[in-house]
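The block underneath contains the structure these notes are about, expressed in structure tokens.
The values are calculated or read from the model by the stated rules, or taken from the named source; none is laboratory data. As the structure is a prediction and not an experimental result, all values here were calculated from the model. When we count neighbours, we look across all protein chains shown, and the Cβ atoms used for this are built from the backbone with ideal geometry, even at glycine.
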Amino acid sequence: MAISKDKKTTLVADLTELLSNSKMVVYAKYEGLTVAELQELRKMAREVNIKIKVVKNRLVKVAMKEIAAYKDTDASGLTGQLLYALGTDEDFDAAKVLAKFAKTHAKMELLGGFNGEGAALSKEEVTTLGSLPTKNELIAQVVDTLLSGINGVVSALENKPETVEAKPAEESAVEEAKEEATDK
């Protein structure tokens with residue numbers, strides 16, 4: 001069924017707004033996925049504030065031409081049945097959601113994407129970005145690394161041998177003075 005010109009104009013306006021607010025757009029082939037699988041993908045995406053759109057590639061190209069950042073972007077990869085994941089919050093969430101879904105659904109194939117500045121991203125770049133840890137995971141790793149040194153010191157202090165007895169401050173100062181005198 002053909003879409004009316006008014007409906008196309010509305011779709012392009014919505015896409016233009018989504019693209020201009022997106023930090024990353026990732027597109028993938030979804031041919032062969034069932035409706036239930038697409039609903040599962042949309043649910044996963046909704047949890048991290050990613051919008052999943054299935055629209056005609058020509059309408060996406062028209063919307064891209066209306067945005068300064070995407071005017072000169074190579075859109076030659078936008079062919080076939082594609083779905084688009086648009087992320088407005090974190091830079092790599094769109095890639096992460098589609099990459100995670102593609103691992104469990106062989107019919108989903110990541111093809112590429114665009115960053116917020118309009119640069120085209122290859123399939124390999126999108127896959128790599130999708131495998132990176134999130135910002136919160138990186139922060140947790142750094143904190144864990146920093147705390148591991150402190151935890152090692154605390155553990156060593158807690159497990160010190162019991163044979164060493166604490167000496168009063170005066171006795172230890174006298175012994176140090178004697179040792180220095182004998183060393184000279």
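Filtered by the rule that a residue be farther than 29 Å from Lys5 by Cα and more than 16 Å from the chain's Cα centre (by Cα), region 35-59 gives Ala36, Glu37, Glu40, Leu41, Lys43.
Selection within region 45-63: residues that are in contact with a strand residue (DSSP E or B) (Cβ under 8 Å, 6 or more places away or on another chain) and assigned to a helix (DSSP H, G or I). The member of this set that is nearest to Glu90 (Cα to Cα) is Ala45. For Glu90, state whether it is of a type in the set (Asp, Glu) and more than 17 Å from Lys51 (Cα to Cα). Taking the combined requirement at face value, the residue does not satisfy it. Determine, yes or no, whether Thr88 is surrounded by fewer than 17 Cβ atoms within 10 Å (Cβ to Cβ), closer than 26 Å to Leu132 by Cα and not charged (D, E, K, R). Answer is yes for this residue. Residues of region 95-112 include at least one that is surrounded by 18 or more Cβ atoms within 10 Å (Cβ to Cβ), at positive phi and either touching a strand residue (DSSP E or B) at 6+ places or on another chain (Cβ under 8 Å) or assigned by TED's automatic domain parsing to the domain that holds Leu18 (or both). Of the conditions (1) surrounded by fewer than 17 Cβ atoms within 10 Å (Cβ to Cβ); (2) touching a Lys or Arg at 6+ places or on another chain (Cβ under 8 Å); (3) hydrophobic (A, V, I, L, M, F, W, C), Ala119 clears all except one; give me its number. Status for Ala119: all satisfied but (2). Of all the criteria given as (1) within 19 Å of Gly130 (Cα to Cα); (2) not in a loop (DSSP other than H, G, I, E, B), the one not satisfied by Lys107 is (2). Per the listing Ala99, Ala75, Ala69, the residue uniquely modelled with pLDDT of 90 or more and either under 17 Å from Leu121 (Cα atoms) or assigned to a strand (DSSP E or B) (or both) is Ala99.
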